[in-house]
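Here the structure comes first, spelled out in structure tokens, and everything after it is commentary.
The values are calculated or read from the model by the stated rules, or taken from the named source; none is laboratory data. Remember, it's a predicted structure, so these values are computed and weren't measured experimentally. Every residue, glycine among them, receives a Cβ derived from its backbone with ideal geometry; neighbour counts consider all protein chains shown. Note: accessible area is taken over every heavy atom of the protein model, side chains too, but ligands, DNA and RNA are not part of it. Shrake-Rupley method; radii C 1.70, N 1.55, O 1.52, S 1.80 Å.
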Amino acid sequence: MRYRTLGGTGIEVSVHCLGTMMFGSVGNSDHDDSVRIIHAALDQGVNFLDTADMYSAGESELIVGKALKGRRDDVVLATKVHFPMGEGRNRGGNSRRWIVKEVEESLKRLDTDWIDLYQIHRPDHTTDIEETLSALTDLVRQGKIRAFGCSTFPAEEIVESHVVAERRALMRFRTEQPPYSILARGIETSVLPVCERYGMGVLTWSPLASGFLTGKHRMGGAIDLTTGRAALTPARFDPTLPVNITKLEIVERLVELANSIGCSLPELAVAFTVAHPAVTSVIIGPRTMEQLDGLLKGASIGLDDATLDRIDEIVPPGTNVYHPDGAWRPPVLTDASLRRRPTDDRAAA
């Protein structure tokens, strides 16, 4: 396993980061088995673990805490805050009130005295970015976290955060965690160049495009919409929808490419994300030991220029074939009232 420096933090992390979203009630509910998977990853050179408070409502953090007993000093531990945790007001978001409270809960679940990388899981337009950066800066000075970053932030909000940090003499986001795969290359346009310009580390998620790049779903094959992720968001997997037909057509071309260079489709997909110069680490999220072994098997694969050129022909740089699952969308796209003047003010004369 190779290691890269995480932005300007001086912390060295493995190029593969073990994501733990699938450990807990939403995936592998067997705690002992999940711990074994984590230990297997550590034994094979992975030293970077990523989780979040909301994964299985805190259960993922509990599992990670169990797995790291006696091994905490050897692991770079990352978790996230933002999404609601339970019912009621003020139990989510990026306010100082919530961040200060929830970091204590994460520390308890993880059974640790510190978090190496604390990430803001999504933007929050109800909270001033200065409020968020101020709270995070205080947590670093208190020794509860070592560094902090953002996740799935658009380029303009990353830039704004750095400007505010400089003007207010606050610490800044050191990392960004965006979705990135052959089917979702939109971040190549601005997010990745902005991260490079500010010297930020980048840990990407969903390299297998929610399972479409595993090879499990193929053109003409049946897709079970009643189980797994397909049951939660059937529109993203329904093989009769044009966007999904396009994904399946691309998968066929990528399978052919993978076969031609002697690797599997998942190996090709993960190796593609590792090749970008802005990417520090790629999050792999296995649910089973078999899936972990399959993903780590391809860790030594490095794609040559001819292969990357072929991928560019299939999915052009900067192109999103689909909107990445779970990715944040700005209110101006989701709230029509923000794009429309009052009815009586829409005419030019």
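Residues that are assigned to a loop (DSSP other than H, G, I, E, B) and open to solvent by less than 40 Å² (accessible area, probe 1.4 Å) were ranked within segment 309-323; the one that is farthest from A209 (Cα to Cα) is G318. If you filter segment 324-349 down to residues that are touching a residue at least 12 places away in the same chain (Cβ under 8 Å) and on the phi < 0 side of the Ramachandran plot, you find that the one that is surrounded by the most Cβ atoms within 10 Å (Cβ to Cβ) is P324.
Pairs meeting the criteria (first residue in segment 54-83 and open to solvent by 10 Å² or more (accessible area, probe 1.4 Å), second residue of a type in the set (G, A, S), beta carbons under 7 Å, at least 6 apart or on different chains) are Y55/G24; S56/G24; S56/S25; E59/G24; E59/S25; H82/G92; H82/G93; F83/G92.
Any residue that is basic (K, R) and in contact with a Pro (Cβ under 9 Å, 6 or more places away or on another chain) - is there at least one of those in segment 162-176?
No, the conditions are met nowhere in segment 162-176.
Among the listed residues P193, P239, P234, identify the single one that is more than 17 Å from the chain's Cα centre (by Cα), open to solvent by 30 Å² or more (accessible area, probe 1.4 Å) and touching a residue at least 24 places away in the same chain (Cβ under 8 Å). Answer to the check: P193.
Evaluation of H125 against the conditions (1) open to solvent by less than 50 Å² (accessible area, probe 1.4 Å); (2) at pLDDT below 95 shows that the sole unmet condition is (1). The selection criterion, being crowded, with 19+ Cβ neighbours inside 10 Å and touching a Leu at 6+ places or on another chain (Cβ under 9 Å), does not hold for D111.
Of note, T227 satisfies the criterion of being closer than 26 Å to M22 by Cα, more than 20 Å from the chain's Cα centre (by Cα) and of a type in the set (V, I, T). Taken as a whole, the condition of being over 21 Å from V279 (Cα atoms), open to solvent by less than 30 Å² (accessible area, probe 1.4 Å) and at pLDDT 95 or above does not apply to A147. Restricting attention to segment 19-53, the residues that are β-branched (V, I, T) and open to solvent by 10 Å² or more (accessible area, probe 1.4 Å) add up to 2.
Here segment 295-307 is the region considered, the condition is being open to solvent by less than 40 Å² (accessible area, probe 1.4 Å) and part of a helix (DSSP H, G or I), and the residue that is modelled with the lowest pLDDT is G298. Applying the condition of being part of a loop (DSSP other than H, G, I, E, B) and farther than 19 Å from Q177 by Cβ to segment 253-290 and asking which residue is most open to solvent (accessible area, probe 1.4 Å) yields R287. Every test in (1) in contact with a helix residue (DSSP H, G or I) (Cβ under 9 Å, 6 or more places away or on another chain); (2) crowded, with 18+ Cβ neighbours inside 10 Å is passed by D138 save one, and that test is (2).
Inside segment 70-189, counting only helices (runs of 4 or more DSSP H) that do not spill past its ends, which hold 2 or more residues that are under 30 Å from K247 (Cβ atoms)? Outline the logic, then answer.
Values: elements: 96-110, 129-141, 155-167.
In segment 70-189, 155-167 are the helices (runs of 4 or more DSSP H) which contain 2 or more residues that are under 30 Å from K247 (Cβ atoms).
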